[in-house]
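Below is one structure, written out as C-alpha cells; comments come after it.
The values are calculated or read from the model by the stated rules, or taken from the named source; none is laboratory data. Just so we're clear, the structure is a prediction, and the values are computed from it rather than from any experiment. Note that we place each Cβ from the backbone using ideal geometry, even for glycine, and neighbour counts take in every protein chain shown.
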Amino acid sequence: MICLIPAASVAHAEGNFNIVSYGAKNDGVTLNTDALQRAVDAAAASGGGTITVPPGRFLTGSFALKSHVTLHLEKGAVLLGSTDRRHYRKINFHGLILAHKQHHIGITGEGVIDGQGAALAQHTMQLHKEGKLPSANEEERPTIIHFRLCEHVTVRGITLRESACWVQLYRECTHLLIENIKVRTCAAITNDGIDIDSCAHVIIRGCDVDSEDDGICLKSGPRPCENVLVEHCRIRSSCNAFKLGTASVKGFRNIIARHLDIHDTYFSGIALELVDGGVMENISISHVRMKTTNNPIFLRLGHRNASGAVGTMRQITISDVSAEIPNRRKSEMNKFPPYWRHLCTTLITASITGLPGHPVRGVTLRNIDLTYGGIGDEPKEDHHLLDKLSQIPECAAQYPESKMFGVLPAWGLYLRHVDGLVMENVTLRVSGRDYRACLVADDAKNLTLDHCHIHSAGREPVMVFHNVKTATLRHCKPPTGTKRFLETRGDTKEINGP
C-alpha cells in the first residue's frame, strides 16, 4: 500500500517586505543581491513575512531564504539571474535562490524567474578555460532554485526559465509542495525541469514542464526518495519525461504518478532506473497519455555501482497508458538539442530488463495501448535478429537509457531477466510495417498474459519465449495473417495457453 502524507503549505506571515524599500532597482541592470538579502533578513528577524517583488526586471546573484519567509513575485515581476558566474554561492550545488536547513519557506506568485542560463553557462565555461574553475560541469553551473535539508516548502504559480543547469533541485527536503508552476528551459545541457533528490512527503501537481533534459526526475542519494505524488502534469523533454534515477543509491518507495500528458519527448515517456543499489518498490504510474514519444516504457535494473550490491526492483504497476511512438524523420527532431541529435533513435522498443540472477520482480502492466511506427519489412545488417539473442549486450555498468541495447528483436516489448510479470489488457500495434516479433521474453519466469491484443504480425513469430519458465496465456488471439504466433526456444517449459 502506498501511503502519502500531504505536503504542508507555507503559512504567510502578516509582514510584507517590498524589495524596493530595501534598495532594489527594476532596471534589469543594477545588481540587487544585497537588497534582496536585506529584505529576507528583515523578514526573518521580525518572525517571518512575505518578500514582495513588484513588476519590473530585477537582476540578482545568489541570495538565501530563511525560515518563515516567502518570496512572492507579482504579475509582471521578473527576477533575472546574473550572467556572471562569480555572483553565485553554493550549498552542495550553486544556485540563484538558496535555502539550507530552513523551514516553512516558499516561492509564489505570477512572476518569472529567468536564470539567463545560456549566457551564464558560457561564462562558467570561460572561467574554466581560464583555470578559475575546476570544471564547467553540473557542480559548477548554477541552478535557479536549490533547497537542501528544508521542511515545509511551497513553490507555487511561478514561471521558471532558462537555467544554466538543472532548473530546481530539492535535496533531503520533507513536506514539499510544487504546484501549478511552468518550466521552460533549453538554455544549456542537463537542463532538468524538476529534480527531487532524497526527499519525502512530496506533491508535484499541475505543473507544465518543457525541458532540454529530464522533465520531472526523482533521484536518491543519501536517503531514499519516498512518499511522492506527481499528478496532472504536462511534460515535454528532449530526454525522459517522467523518470526515477539515474542516481539511485538508496532507492525509491511509495511513488505515485498519475494523469500525466507527455508529448514530443525523445527518449522515454516513463523511465524507471535503478543502477546504484537501493530498492525500488511500491511504484504506481497510471493514466498517462503520450503523443510523439520515442519510447513509452523503460524499466532497468543495472549495476553501475560495480563494487556494491545490485539493487532490487519490485512491486511496480503501470496502468491506463496510451502512447504513440512514430518513426520520425531526423528532420522532425527540431526540439532536440543539436549537440545531442546524433544520439537520438526515433523509435525505441519498450523494455523491462534486469541482470542475470537479479530479475525485475512483480511488474504489472494493465490497460496499456501502444502504437509504433514500424521499421520496415526487412532487417538491416546491424539489427538484432532472433538467432542473435545472446549477442544483445547486458550493459550492466552502463548509464541507463532506453536506446542502450541498440535495435531490439521485438517491436512491441522486450523482456529479459524478469520474474512475475503480469500483462492485463495490453494492446500492441504497428501503424506501418515491422518484420520483428512483437514480444520477446528471454530468461523470464512466472509470466501472465491475460487479454493481450496484438494487431500486427511481421515476418518473425508474433511472440518468442527463450529460456522462459512457467507462463500462462489467456485470451490472447493472434493477429490476422499470423503464420507463427508463439515460438519457444532454449530451456522453455510449462507454458499454458494461449
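Observations on the model:
- The lone exception for residue 105 - which of (1) closer than 21 Å to residue 172 by Cβ; (2) assigned to a loop (DSSP other than H, G, I, E, B) it fails: (2)
- Among the residues of segment 185-227, the ones that are of a type outside the set (S, T, N, Q) and farther than 27 Å from residue 292 by Cβ come to 12 in all.
Residues are listed down the side, and each one gets a yes or a no for (1) touching a strand residue (DSSP E or B) at 6+ places or on another chain (Cβ under 8 Å); (2) crowded, with 16+ Cβ neighbours inside 10 Å; (3) β-branched (Val, Ile, Thr):
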| site | (1), (2), (3) |
| --- | --- |
| 389 | yes, yes, no |
| 421 | yes, yes, no |
| 426 | yes, yes, yes |
| 434 | yes, yes, no |
| 449 | yes, yes, no |
| 474 | yes, no, no |
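Residues checked against (1) crowded, with 20+ Cβ neighbours inside 10 Å; (2) within 19 Å of residue 176 (Cα to Cα):
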site: 28; (1), (2): no, no
site: 34; (1), (2): no, no
site: 56; (1), (2): no, no
site: 78; (1), (2): no, no
site: 94; (1), (2): yes, no
site: 100; (1), (2): no, yes
site: 103; (1), (2): no, yes
site: 106; (1), (2): yes, yes
site: 110; (1), (2): no, no
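- Qualifying residue in segment 458-470 (condition: more than 21 Å from residue 392 (Cβ to Cβ), touching a strand residue (DSSP E or B) at 6+ places or on another chain (Cβ under 9 Å) and either part of a loop (DSSP other than H, G, I, E, B) or at pLDDT below 90 (or both)): no
- Residue in segment 413-428 that is touching a Phe, Trp or Tyr at 6+ places or on another chain (Cβ under 7 Å), touching a residue at least 12 places away in the same chain (Cβ under 8 Å) and aliphatic (A, V, I, L, M) present: no
- Extreme residue, farthest from the chain's Cα centre (by Cα), among residues of segment 325-336 that are buried (at least 18 other Cβ atoms within 10 Å of the Cβ) and modelled with pLDDT under 75: 333
- Selection within segment 411-453 - over 15 Å from residue 368 (Cβ atoms) and among the small types (Gly, Ala, Ser): 420, 431, 432, 437, 441, 444
- All of 318, 283, 256 fail the test of being in the same structural domain as residue 352 (by TED's automatic domain parsing), touching a strand residue (DSSP E or B) at 6+ places or on another chain (Cβ under 9 Å) and under 21 Å from residue 234 (Cα atoms), apart from 318.
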